[in-house]
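Data block below; observations after.
Read the figures in this text as sums done on the coordinates, not as results from a lab. Keep in mind that this is a model prediction, so the values were computed, not measured. Ideal geometry is used to build each Cβ from the backbone, glycine not excepted, and the neighbour counts take in all protein chains shown.
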């Protein structure tokens, strides 16, 4: 099953991101014949911005954990604000899509983007610090420090005894 983990994670991440992106495009630009939101400062406008930016970030697997966490929170707010007042069960109140999205995004926040993502690529290539490249030299630096520090206590004692 571990052989299928990366492709499955990629598939879920890309499909969820593309579907969610459509919701943002619908709210901001009237995608698929919808009425665009008049203002970005309303709750639907803010949701549209989050969905329009967050969907492609998930598709690319870039900043996946924080993006998915924020989107999960957005869906939880959407559920409790719009759907939960209509009834307890999501299937009865119409909130099953918001509920499912909230938990898919929460899972992505916990699981991360996976091996086939820009997050993984950046972590392997760009986010290495110069100190990571010096790691093989650590034993030599430690040996050098031992040589240097062996003489240091004698110097300190000698200067302290003169006073």
Could you work out [θ]222 nm for the chain from helices alone, using -39500 (n - 2.57) per DSSP H run of at least four and dividing by all its residues? Round to the nearest 500 deg cm²/dmol.
-23500 deg cm²/dmol
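By counting other Cβ atoms within 10 Å of each Cβ, how are 108, 118 ranked from fewest to most? Show your work: numbers first, answer last.
Numbers: 108 25, 118 16.
Lowest to highest Cβ neighbour count: 118, 108.
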Match the structure shown to one of the listed values [x] 28; [y] 20; [z] 43 of percent of Cα pairs over 29 Å apart, computed from it, and give that label.
[z]
In degrees rounded to 10, the 0-90 angle between helix 138-161 Cα long axis and the longest Cα principal axis of the chain is 50
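For the range 45-116, what is the convex hull (Cα atoms) projected area averaged across all directions, in square nanometres? Write down the numbers at each step before the final one.
Working: hull surface 19.1 nm².
Taking a quarter of the hull surface, the average projection is 4.8 nm².
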What angle, in degrees between 0 and 90 and rounded to the nearest 10, separates the Cα long axis of helix 96-111 from the longest principal axis of the Cα atoms of the chain?
10
Could you work out how far helix 43-60 tilts from the main Cα principal axis of the chain, as a 0 to 90 degree angle to the nearest 10?
60
